[in-house]
1. Anything in segment 198-212 that is surrounded by fewer than 17 Cβ atoms within 10 Å (Cβ to Cβ) and in contact (Cβ under 8 Å) with a residue 24 or more places away in the chain? List them, or say none.
2. Kindly indicate which of Ala311, Ala345 is without any contact (Cβ under 8 Å) to a residue 60 or more places away in the chain, assigned to a helix (DSSP H, G or I) and touching a strand residue (DSSP E or B) at 6+ places or on another chain (Cβ under 7 Å).
3. Checking the conditions here, which among Tyr227, Tyr189 is under 20 Å from the mean Cα position of the chain (by Cα), part of a loop (DSSP other than H, G, I, E, B) and under 20 Å from Gly293 (Cα atoms)?
4. If I ask for residues that are among the aliphatic types (A, V, I, L, M) and touching a Gly at 6+ places or on another chain (Cβ under 7 Å), which ones from segment 29-55 would you list?
5. Just to be sure, is Lys155 among the charged types (D, E, K, R) and touching a residue at least 60 places away in the same chain (Cβ under 8 Å)?
6. Given (1) without any contact (Cβ under 8 Å) to a residue 12 or more places away in the chain; (2) part of a helix (DSSP H, G or I); (3) under 30 Å from Asn280 (Cα atoms), where does Ser171 come up short, assuming only one miss?
7. Of Arg292, Arg298, which residue is outside any helix (DSSP H, G or I) and either out of contact with any helix residue (DSSP H, G or I) (no Cβ under 6 Å at 6 or more places or on another chain) or not assigned by TED's automatic domain parsing to the domain that holds Leu245 (or both)?
8. Checking Glu53 against (1) surrounded by 15 or more Cβ atoms within 10 Å (Cβ to Cβ); (2) touching a helix residue (DSSP H, G or I) at 6+ places or on another chain (Cβ under 7 Å); (3) acidic (Asp, Glu), only one condition comes out false. Which one?
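The values are calculated or read from the model by the stated rules, or taken from the named source; none is laboratory data. Computed from a prediction, not measured in an experiment: that's the story for all the values here. A quick note on method: Cβ atoms are made from the backbone with ideal geometry, for glycine too, and the neighbour counts reach across all protein chains shown.
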Amino acid sequence: MDTSKTTDIVKLLDSKSVIVVTHLKDMDGMCSAAISMHLFGERIAGVVFSDFEYDAIRDVYEILEKKSFKNGIVLFADLNFGDDALDLYKKIFEMLKSNGNAIIWLDHHKISSDAVKKTIERYADYAIAGENKEHCGAELVAEHIAKPLGLYDEKTKELAYLSHISDFALSDPKIDKKLIKASEAVASYLDNQEGIQEGLLKISKAVMNDPSRFDEDPFVNERARIYEEKQDLLKEELSKNVDSLTVKGHSILIGFNFSGSLQTNDGCSHLFEIGNATGNKPEMVIYFKVARGTGHIRVQNDSNIDSVPFAQSMKGNGHPKASAFPIPDDILDGLRSSGSKKDYAKNELISLIRKRLEEDLDPPKSTSKG
């Protein structure tokens, strides 16, 4: 399910001021902000970082309400939402429209429902949304804004490439370490979000200022150090809280962090390493950040598992190889307790996962040639 609603983007943007709302958890969000700031310069009236979760979307509403932004452009990039946030997004869109603003919506995730699709189409003046295996959010900003404006330069190209490698979990030895450093800096805000808006803006500006050397920026290094200090302890805790499932012939590993959160790729990679070390290579891992109240899925490239139907059944969304979802509130309360109540909640969640996976997974692809 995708949607495309286009108009003359050059005429729409004209010389208006721009607020950018983008993803707070990854390099696609940082690069979406970086490209936008590079393109619009002094026309940028604000950058707001958000997420797919209801609380983060509510924070965006409050921030935008305080800004009282009028007669400009609000660009949403690399963001998605489900039916649970439908009324809240309608409230955001109606507030922006009542103040004379135009809305641009650029996203590459699967649209979760027909109601979400219709809402985007109703309120956005320009929209590209739906699963896109070629372009991530920052690349859509480059393609649909920078190129039509004649501003697609080497820096924009480099920023788009950084986001592509990071968001599609690819590898380039020339930039892998740089991306890890920036991702760790972003992840330092996972558990303590004090100053998150200002901090992520500093990270985005460092990426924008020098896409080749942002890993040398003092602030990026300081935030990465904060994350690295807790990394080993969290990996040790994760290793002690692992369960395995076999569903329809698929090997799946589930892991929990209770005291804090690893960066998603970091946590999922650690789970794959644990599974591989036992000789039972998992096709899919599910990493639970109890402190954040979220579950994160990663799927091996050679697996035919599509994680999206399962994630959507858990009120989440994402891509076939990488998705996320909220932990149900009643179970989350138990996971955040202790003793037998915590153990019961953990087993309840694993049982729910097994049930949903039984409903949503296809059997492994056949390897026979007959």
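1. Correct list: Ser212 only.
2. Working: Ala345 fails: touching a strand residue (DSSP E or B) at 6+ places or on another chain (Cβ under 7 Å).
On inspection, the qualifying residue turns out to be Ala311.
3. Working: Tyr227 fails: part of a loop (DSSP other than H, G, I, E, B).
Sole residue among the options that is under 20 Å from the mean Cα position of the chain (by Cα), part of a loop (DSSP other than H, G, I, E, B) and under 20 Å from Gly293 (Cα atoms): Tyr189.
4. Within segment 29-55, the first condition is being among the aliphatic types (A, V, I, L, M), and the residues that meet it are 30, 33-35, 37, 39, 44-45, 47-48.
Correct list: Ala45 only.
5. Values: among the charged types (D, E, K, R): yes; touching a residue at least 60 places away in the same chain (Cβ under 8 Å): yes.
Judged against the criteria, Lys155 is a match.
6. Failed condition: (2).
7. Values: Arg298 fails: either out of contact with any helix residue (DSSP H, G or I) (no Cβ under 6 Å at 6 or more places or on another chain) or not assigned by TED's automatic domain parsing to the domain that holds Leu245 (or both).
One residue alone meets the criteria, Arg292.
8. (2)
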